[in-house]
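Please treat every number below as a calculation from the coordinates, not as lab data. Predicted model, so just to flag it, every value in this text is computed and none were measured. Note: ideal-geometry Cβ built from the backbone for every residue, glycine included; neighbour counts use all protein chains shown.
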Amino acid sequence: MTDLILSPAACQARAIERCFIAGGGDDRVRFGEVSAQGLFERAACGVALVRCVEPYSKFDSVIPTVALDTAFMLRRFGAVRLGQITMEPSSLRWFDKPWSLAFADSVGVAIPRTWGNAVEIPPNVGRIFFKPGLEGVVGARTWVETPADLPEEVRHPGSGFIFQEKIEGQAVYSFGFLADRGRIVAGAGLAERVSYPPDGGEAVVMELFDDPQLTAAAGRLIRASDYSGWGLVEFKHCLRRDTYVLMEINPKFWSSIELVLRTQPVFAKLLFGLSVPAERMTKLWWPGRLAKLGIDHWPKHLAAIRGARMAEERISRASVARALLPYGLQTWLGLVIRKKKRSKEATL
């Protein structure tokens, strides 16, 4: 058997690769990339990528990892089967955040107050969180104190952003799952205690978290939507409502899947046919992500990693350097670099 892992530099792809190694299937693994030009197989080092028009004529399975290649595979081939689990194209509708929130509300799952246009937000509503309305779209994901503080680039009609009341509390609660036509085949509750960026994104510290209310809320969405495939349902706990409030469903392998793959053997068995022993741990932390929070953030989170195992990630020199800079300065430098890059590209 041969398996093509897409976007091999992504955190989730590396975790899946290590899962194959742990299960004795590393000789099965090949790597590929998806771009606007199509799907490519990675050849030997120093050799150009090779276009792969019909991957299933060469590989037993193609494993999409990030949003881009997951969407590509589902649109190009109609469904993606990994082991005993098939992801159906209908899962792509969860990339549409307004649709997903409206659906959740229709089946009785709590959602934040949400607006699709900045002019509709009441002026006295308080803190506002904003993010792109489509998964995989580049854009800020952060909050402001009042609607008047929203950046000009997100407040104009047609910006593609959605606006929500800010649900207070740092932790993000999630449920990673495999499903077959609305039936949960495997699942794990998770609590993200620290995030990078600080306002939400990838887990810096994550632990297994078993809460029947969390599982029930996720299960209602999966059943009602007749979901088939894999994904991560994300919530925050709203103190005012005293319940879990849906943030989004990511219909892809999530960037912190390493914790589940190392502690829940059923995932590797059902997806990849691998027998991987369960590790005796409940908590994991990612040193590279902690470093990238900057000198003004990471020291105060050291207590959160107590009792956690370290993720098996490669820590780049850039991450170490960023640990010595304040997070705000990193953000500013990133904006400057991107502007210079766009200006250079415009002159070519």
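From the set of residues in the range 163-185 that are among the β-branched types (V, I, T) and more than 18 Å from the chain's Cα centre (by Cα), which is nearest to L134 (Cα to Cα)?
I167
Scan the range 60-73 and give yes if some residue there is within 30 Å of L134 (Cα to Cα) and more than 21 Å from the chain's Cα centre (by Cα), otherwise no.
yes
Which of the residues spanning the range 181-196 are of a type outside the set (G, A, S) and surrounded by fewer than 18 Cβ atoms within 10 Å (Cβ to Cβ)?
R181, R183, I184, V185
What do you reckon, is S255 under 30 Å from L178 (Cα atoms) and hydroxyl-bearing (S, T, Y)?
In short, yes.
Of the residues in the range 98-132, how many are in a helix (DSSP H, G or I) and under 17 Å from P157 (Cα atoms)?
Of the residues in that region, 4 qualify.
Please give the number of the condition A67 fails out of (1) touching a Gly at 6+ places or on another chain (Cβ under 6 Å); (2) over 22 Å from A9 (Cβ atoms).
(2) is the only condition that A67 fails.
β-branched (V, I, T) and more than 16 Å from G23 (Cα to Cα): is that true of V233 in this structure?
Yes; evaluated as a whole, the condition is true for this residue.
Looking at the range 159-173, can you tell me whether even one residue there is crowded, with 19+ Cβ neighbours inside 10 Å, at positive phi and in contact with a Leu (Cβ under 8 Å, 6 or more places away or on another chain)?
No, every residue in the range 159-173 fails to be crowded, with 19+ Cβ neighbours inside 10 Å, at positive phi and in contact with a Leu (Cβ under 8 Å, 6 or more places away or on another chain).
To keep it simple, each residue is scored yes or no on (1) of a type in the set (F, W, Y); (2) at negative phi.
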residue: E17; (1), (2): no, yes
residue: G32; (1), (2): no, yes
residue: F40; (1), (2): yes, yes
residue: R51; (1), (2): no, yes
residue: Y56; (1), (2): yes, yes
residue: F59; (1), (2): yes, yes
residue: M73; (1), (2): no, yes
residue: V80; (1), (2): no, yes
residue: G83; (1), (2): no, no
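Identify, from the list L261, L293, L274, the residue that is touching a helix residue (DSSP H, G or I) at 6+ places or on another chain (Cβ under 8 Å) and either small (G, A, S) or under 17 Å from D199 (Cα atoms) (or both).
Matching residue, one of L261, L293, L274: L293.
Look at the range 74-118 and say how many of its residues are within 17 Å of E234 (Cβ to Cβ) and among the hydroxyl-bearing types (S, T, Y).
Number satisfying all stated conditions: 3.
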